[in-house]
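Novice: Take a look at the following structure, please.
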Amino acid sequence: MFNAEELTIIINKAKNAANEASMKYLDEKLGGEDNFPCGFAWVNIFGVKGNTKQGKAFKAAGIEKDYNGAYSIWNPGNVNVQNVDVKSAGAEAAADVFTSYGFKAYAGSRLD
């Protein structure tokens, strides 16, 4: 279990990894051009109850639960593009970071 300060560090690592993966995809796969399918991507962290110390640490770190009961970060790479594949690359990288810390995390996406 992580306190709010430790969780903030993990979240920042996940967001940095997401940004790097998103920018790499944008540069290497799309030649730096924001084109092709538009959409959204996010990372969901499941299995954390909101009334536990861990759940309260997520809330203190600014992460809220979504409609399906997971703590969710939309566009974790914080990239200003519309391409769903770029955003998905970032969401997958963020999920990998959370998973490496023992969380049950999955990337999600949908077309717009």
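The values are calculated or read from the model by the stated rules, or taken from the named source; none is laboratory data. As the structure is a prediction and not an experimental result, all values here were calculated from the model. Note: ideal-geometry Cβ built from the backbone for every residue, glycine included; neighbour counts use all protein chains shown. Protein only, heavy atoms only, side chains kept; ligands, DNA and RNA dropped before computing areas. Shrake-Rupley method; radii C 1.70, N 1.55, O 1.52, S 1.80 Å.
Novice: Measuring with a 1.4 Å probe in the full set of protein chains, what accessible area per residue, in whole Å², belongs to the chain?
Specialist: Numbers: 6370 Å² over 112 residues.
For the chain, the solvent-accessible area averages 57 Å² per residue.
Novice: When ranked by the protection proxy of mean other Cβ atoms within 10 Å per residue, highest first, what sequence do the peptides 86-94, 65-73, 13-21 form? Don't skip to the answer; put the middle values down first.
Specialist: Values: 86-94: 26.9, 65-73: 16.6, 13-21: 20.4.
In decreasing order of mean packing, 86-94, 65-73, 13-21 become 86-94, 13-21, 65-73.
Novice: Helix check for the chain. Which DSSP H runs span at least 15 Å along their own axis by Cα, with a mean Kyte-Doolittle hydropathy no less than -1.0? Walk me through the numbers on the way to the answer.
Specialist: Values: long enough: 4-30 (37 Å, -0.39); 84-100 (24 Å, 0.43).
The answer, listed by residue number, is 4-30, 84-100.
Novice: Now a separate question. Quantify, in whole percent, the carbon and sulfur part of the accessible surface of the chain (1.4 Å probe; protein heavy atoms only). Please report the intermediate quantities before stating the final value.
Specialist: Details: 3110 of 6370 Å².
After summing per-atom areas, the C and S share lands at 49 percent.
Novice: Which order do you get for Met1, Met23 if you rank them by accessible area with a 1.4 Å probe, largest at the top? Walk me through the intermediate numbers first.
Specialist: Values: Met1 155, Met23 75 Å².
In descending accessible area the options line up as Met1, Met23.
Novice: Mind jotting down the three principal axis lengths of the chain based on Cα atoms? Whole angstrom, largest first.
Specialist: That works out to 44, 25, 19 Å along the principal axes.
Novice: About the Cα centre of the chain, how large is the charge dipole given +1 on each Lys and Arg Cβ and -1 on each Asp and Glu Cβ? Please answer in debye to the nearest 20.
Specialist: So the dipole magnitude of the chain works out to roughly 620 debye.
Novice: Straight distance only, please: which lysines reach the Cα of Lys87 with their own Cα at less than 21 Å, same-chain residues fewer than 8 apart left out?
Specialist: The reachable lysines, counting only those whose Cα sits under 21 Å from Lys87, are Lys13, Lys15, Lys24, Lys29, Lys65, Lys104.
Novice: Here's something else I'd like to know. Compute the separation of the alpha-carbon centres of the range 1-52 and the range 60-112 and state it in Å as a whole number.
Specialist: Centre-to-centre distance over Cα atoms comes out at 5 Å.
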